[in-house]
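Read the structure below first, then the notes.
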Amino acid sequence: MATELVDEGFKALLEPYDPDVLRIHQGAIYGLWADLRFAYFNPAWFTFAEENGGEPRLSQSCTLGSSLLDALPPELRLFYHAHYSRVLHSERHWTHEYECSSRDRYRRFHQVVYPLGRGKGLLVVNSLVVEAPHDLERRAPFPPDEPLYLGESGLITQCAHCRRTQRRNDPNRWDWVPAWVERMPLNTTHAFCPPCYGFYFRDPAWREDADGSPRDETA
Ligand SMILES: [Zn+2]
């Protein structure tokens, strides 16, 4: 049975929350210092990491003091950094939905990020909201056929969000390759398929926060 892990100094920030509620929550909960280093994991965090082989989002190598940003695919770092920073500075919670499917199950999670201790930290609560077998019509499975997917650089490109794999000779086509969701090859790189790019980047506001200047969406 997994137990929680908490930085001694972080306990004071968690005081507003009932420790039993965090402990028995079915979804992964983590606490972060303002610099986005991990300071708390609830028991469900470890259960989730074990069931998913530590992939895809946050690996089992995450420990107290390690950075959330290091655990994320590079393509997602700016997104989470911008939103989490906004929660820290505004002291208003933020919610977000994301997919984290396994080989056999479609899973959708709801995430709520709460500010702690006046800009000192964050509490991130993940809850499973949809779980079902994959719809095989909309997500036909393809075998891990390397010649179909391996780019000239020797890398396989997987979507950082939905985990579909990009075809080498038809880059607009992204296939569901269950074997590579279950076990991500070492020569995998991440990008976004077009629908997921829209999902993450449709709102330019967070990018203004991220670098201080608005982007030209028509460029
Ligand atoms: Zn995608």
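Every read-out reported here was derived from the displayed coordinates using simple, explicitly stated rules and does not represent laboratory data. This one's a predicted model, so the numbers in the text were calculated from it and none came from an experiment. When we count neighbours, we look across all protein chains shown, and the Cβ atoms used for this are built from the backbone with ideal geometry, even at glycine.
Annotations
- Approximate spin-label separation residue 50-residue 3, in nm, with each point projected 7 Å along Cα-to-Cβ: 1.4
- Taking the Cα centre of the chain as reference, the dipole from Cβ charges on Lys and Arg (+1) and Asp and Glu (-1) amounts to some 180 debye.
- Placed amide H near residue 177: partners under 5 Å, 5+ positions off or other chain: 142, 165
- Estimated purely from DSSP H runs of n ≥ 4, each contributing -39500 (n - 2.57), the mean residue ellipticity at 222 nm for the chain is -7000 deg cm²/dmol once divided by its residues.
- Volume per residue for the chain equals 136 cubic angstrom (convex hull of Cα atoms).
- Neighbourhood charge, 14 Å Cβ-Cβ cut-off, centred on residue 121 and excluding it, Lys, Arg +1 and Asp, Glu -1: -1
- 3J(HN,Hα) along region 28-42, derived from phi through the Karplus expression 6.51 cos²θ - 1.76 cosθ + 1.60 where θ = phi - 60°, amounts to 5, 10, 9, x, 10, 6, 4, 8, 6, 8, 5, 10, 7, 9, 7 Hz, with x in place of Gly and Pro.
- Pairwise FRET efficiency - residue 92 versus residue 35, Cβ, R0 = 22 Å, nearest 0.05: 0.65
- For region 73-123, convex hull volume per residue from C-alpha positions, Å³: 78
- Placed amide H near residue 106: partners under 5 Å, 5+ positions off or other chain: 132, 134
- Residue 184-residue 67 pseudo-label distance in nm [points 7 Å out on the Cα-to-Cβ vector]: 1.8
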